[in-house]
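Peer 1: What follows is a single structure, and I will ask about it in a moment.
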C-alpha cells in the first residue's frame, strides 16, 4: 500500500488528499475516514476497501533524496518579510495571532505559508504548506510534529499535545510554551513520547478534537502510550470542534479544561 500524499492523488473512498493508502494497481484502499463499505479495519491505518481483484504485494519505495530542510526553512522565513501583507491577511482570515504563529519558524513561498515538521532527533524533516483551507506537504517530507522554536530551550512541568498546527498555535496562545502538535490524530504518538521525555515534564494534557469520537480515540491512544512510560496524562475533549474554535468564541483555558474533564 502506498500513501496517497506520496502519489499526489485523492483517496478513492473519501476523496481527501491525505491520511489514506491505496494499492499500487488501484484495486484496494485503506481509508482512515470512512468505514461504510469496507471489509475490515486494519488497526490505526483505517478501513480496507476492495475495488477489484486485489492481490496484496510488497512494494518498496525508492530511497528519498537528501534535502536540507533547515536551509529551506531559513529561506522561506526570509521570504516571509517580503510577503508580510499576504501573511497578515492569512492570519486575519484564519483568526490566528501573528506573534504566536511566528514562534513556529514559519515562512512563505509562492503564496503558501510554510511550517516546519520536526522528527525524533529534533531536526526538521519536512515542511507543510498552507493556503486558505488547503494543506499540502512539500515533496519528500516525512511524518513528524509541530514544535515552537524554543521548545527544547526550557524545562516545563506540563506538556500540551494537540492535533494540527493551528491548535498548537492556540495552545501556545493559552500559555503552554511547551506544546507539541500531531499532524493528525492517528500518527505521531512515538514522537510525542520522545519529546515528553526530552522535556522532562511531569504532566501531559492532550486536547482532543470534538469530531464524532475520532479525535478522542486518537488522544486516548496517545495517553495510553504515555501512561505506560510513567507520565501523568489528562485528556480534554474540546467543547467546540477543536481548541482553536474554543479560543475564537472567547473560552478561557480554565473553561476549556473544566468542560473537558
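Every read-out reported here was derived from the displayed coordinates using simple, explicitly stated rules and does not represent laboratory data. Since the model is a prediction, treat every value here as computed from it, not as a measurement. With ideal geometry, Cβ positions are generated from the backbone for all residues, glycine too; neighbour counts draw on all protein chains shown.
Peer 1: Between residue 142 and residue 45, what is the label-point separation in nm under the 7 Å Cα-to-beta-carbon projection?
Peer 2: 2.1 nm
Peer 1: A further question follows. Hey, could you get me the Stokes-Einstein D for the stretch 2-50, Kirkwood radius over alpha-carbon pairs, 25 °C and 0.890 mPa s, rounded to whole µm² s⁻¹?
Peer 2: 238 µm²/s
Peer 1: With a 10 Å Cβ neighbour count serving as the proxy for reagent exposure, in which order, fewest first, do 140, 49 appear?
Peer 2: Arranged by neighbour count, lowest to highest, 140, 49 become 140, 49.
Peer 1: Another question, if that's okay. When only C-alpha pairs under 8 Å and at least 6 residues apart count, what is the relative contact order of the chain, in percent?
Peer 2: Taking the mean separation of contacting Cα pairs over the length of the chain, I get 10 percent.
Peer 1: May I pose another question? What is the pair-distance distribution P(r) of the chain, computed from all Cα-Cα distances in 10 Å bins starting at 0, with each bin given as a whole percent?
Peer 2: 7, 28, 35, 24, 6, 0
Peer 1: Another question, then. Per the helix-only calculation at 222 nm, which mean residue ellipticity applies to the chain, given -39500 (n - 2.57) for every DSSP H run of n ≥ 4 and division by its residues, nearest 500 deg cm²/dmol?
Peer 2: Result for the chain, helices only: -9000 deg cm²/dmol.
Peer 1: Now, a different point. Using Cα springs under 10 Å in a Gaussian network model of the chain, which residue among 249, 205, 127 shows the largest mean-square fluctuation?
Peer 2: So, out of 249, 205, 127, the one fluctuating most is 249.
Peer 1: With the chain treated as a Gaussian network of Cα nodes joined by springs under 10 Å, which of 146, 87, 51 yields the largest mean-square fluctuation?
Peer 2: Looking only at 146, 87, 51, the biggest GNM fluctuation is shown by 51.
Peer 1: Compute the distance in nm between two label points, each set 7 Å from the Cα along the Cα-to-Cβ direction, one at residue 88 and one at residue 24.
Peer 2: Once both label points are built, they end up 5.2 nm from each other.
Peer 1: So which residue, out of 145, 85, 192, gets the largest mean-square fluctuation from a GNM of the chain using Cα contacts under 10 Å as springs?
Peer 2: 85
Peer 1: What is the distance in Å between the Cα centroid of the stretch 237-261 and that of the stretch 72-103?
Peer 2: 25 Å
Peer 1: Could you give the distance between the Cα centres of the stretch 207-231 and the stretch 113-129, to the whole Å?
Peer 2: Value for the Cα centre distance between the two parts: 22 Å.
Peer 1: When 233, 180 are ordered from fewest to most other Cβ atoms inside 10 Å of their Cβ, what list results?
Peer 2: Ascending number of Cβ neighbours within 10 Å: 233, 180.
Peer 1: Distance in nm between label sites at residue 229 and residue 258, each 7 Å beyond Cα in the beta-carbon direction?
Peer 2: 3.4 nm
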